[in-house]
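Asker: One structure is given below, represented as structure tokens, and several questions about it will come after.
Just so it is clear, none of the values below were taken in a lab; they were calculated from the coordinates. This is a predicted model, so every value here is computed, not measured. So basically every Cβ, Gly included, is an ideal-geometry build from the backbone, and we count neighbours across all protein chains shown.
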Amino acid sequence: MQNQTVRDAVTMVAPDTKIRFYRPELDVLRFIAFLLVFLCHTIPLKDNSSHFLEGVKNAASMGVPVFFCLSAYLITELLLREKSKTQTINMSAFYRRRMLRIWPLYFAVLFAGFLLSPVIYGERITLAALLSYIFLAGNWYTFFFGYLPHGSIVLWSIGVEEQYYLVWPSVVRFASRQGIIAVSCFMWIASQIALLWLCSRPVMNPRIWVNTLPHLQYFAIGSLVSACLSHRIPRISAFLRPVMIFTGLILFVVANEIFVKKLSGSLGAMTYAGYLIVGVGCALLLIGMMGARIPAGMKGLVYLGKISYGLYVYHVWCLEFSGAFAVNVLHFKHHLSFFIFGLGFPLTVLVSALSYRYFETPFLRLKERFEIVKSRAA
């Protein structure tokens with residue numbers, strides 16, 4: 001009887017792999033991941049800030065691993081469907097798709113930061129930093145020398161994703177499904193070993209946070225979910241789904257408590273057990289959202305997920321503009337953070353929507369020419 005209950009709670013549905021592959025509920029998850037990052041960058045912390053507020057802010061930074069996990073699932077799923085359809089992977093077409101999706105916005109924001117940072121912030125992006133980011137190794141530059149100034153601060157994570165994309169298509173092309181599962185497990189274990197080593201060394205934030213190796217576990221989880229499900233979608237009961245999603249978010253808070261209280265070592269900010277728990281939270285969010293029905297009143301979240309790449313790369317610039325406008329034009333002195341949030345969010349959505357419509361969409365339409373398995377339409 002108990003086994004029957006479990007089967008009723010989570011079953012598998014195998015969709016037709018010949019039709020367009022698009023899961024709108026995963027666009028909602030994209031938006032959730034962005035919203036977490038946005039909250040991390042907008043919640044103010046002062047000397048007298050409450051422990052709860054600090055915990056929410058730090059836990060919200062886990063939106064970045066959610067992006068990594070989700071991207072790995074989607075890329076692996078598309079590659080596996082292509083392999084099932086054609087018996088191989090068109091590597092050239094894959095890299096053209098990735099370049100057309102990622103590079104235009106990435107390089108536009110990178111070069112805008114290079115040109116504007118000296119004018120706006122009085123800080124230059126050095127030539128060494130620029131070259132590192134041009135060659136998609138910006139996170140390693142950040143590892144040694146620190147973040148880029150202000151609005152360009154989030155670009156390190158794009159490099160981490162691109163490094164995964166550089167290798168993973170070859171794995172899917174030459175390995176069987178069981179081999180992909182084995183490689184994903186190996187990647188997860190290698191990430192744990194690297195993280196344990198880093199946590200045993202006198203390495204502080206941001207050196208662990210921007211390091212590719214600790215984040216490999218989140219790519220491994222997303223890839224593993226895709227390979228294990230084998231084109232199927234989990235059908236989760238109405239009771240279990242919100243429990244999984246809520247538990248995933250709570251685990252981010254638990255991980256932050258470990259980071260802050262140093263329960264797993266002496267690093268203080270970033271520790272092994274915290275990263276491990278974040279991985280469990282990412283898996284619960286991803287699986288919990290898969291197959292979810294989107295109510296009519298939440299269709300707007302699907303659109304926000306659709307433009308989430310722009311939301312992510314533009315939001316710091318929009319927040320800083322909002323803060324400067326509040327201080328220098330409106331002369332706000334109190335409750336400044338509420339104004340920055342209130343103006344910064346709609347401004348980010350507006351800029352991202354315009355960017356998606358007039359800047360990104362032409363590249364996305366060109367990208368569709370290289371699609372072997374059709375995904376979301378531009």
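Asker: Measure nothing fancy, just the Cα-based angle from helix 91-120's long axis to the longest principal axis of the chain, in degrees from 0 to 90, nearest 10.
Answerer: Result, in degrees: 10.
Asker: Also, I was wondering about something else. Compute the separation of the alpha-carbon centres of the range 224-243 and the range 173-204 and state it in Å as a whole number.
Answerer: Going from one Cα centre to the other spans 23 Å.
Asker: Quick one: helix 308-328 against the long Cα principal axis of the chain, what's the angle to the nearest 10°, folded into 0 to 90?
Answerer: 20 degrees
Asker: A further question follows. With +1 assigned to the C-beta of every Lys and Arg and -1 to the C-beta of every Asp and Glu, and no other charges, what is the dipole magnitude of the range 83-242 about the Cα centre in debye, to the nearest 20?
Answerer: On the way: 14 positive and 3 negative charges, 148 e Å.
Around 720 debye, computed over the range 83-242.
Asker: I need the shape label for the range 32-370. Rule: rounded when a/c is under 1.5, else prolate if a/b > b/c, else oblate, with a, b, c from the alpha carbon gyration tensor. Present the calculation step by step, with values, prior to reporting the outcome.
Answerer: Details: a/c = 1.39, a/b = 1.24, b/c = 1.12.
Rounded.
Asker: Please report how many Lys pairs in the range 32-370 have alpha carbons closer than 25 angstrom, counting only residues at least 8 apart along the chain or sitting on separate chains.
Answerer: Taking the Cα cut-off of 25 Å, the pair count is 12.
Asker: How much net charge surrounds Val327 when only other residues with a Cβ under 12 Å from its Cβ are counted (Lys, Arg +1; Asp, Glu -1)? Don't jump to the answer; show the numbers that get you there.
Answerer: On the way: positive: Lys333; negative: Glu320.
Here the count lands on 0.
Asker: Would you be so kind as to identify which of Val167, Phe252, Ser92 lies farthest towards the positive end of the dipole of the chain, taking Lys and Arg as +1 and Asp and Glu as -1 on Cβ and the Cα centre as origin?
Answerer: The residue sitting farthest along the positive end of the dipole is Ser92.
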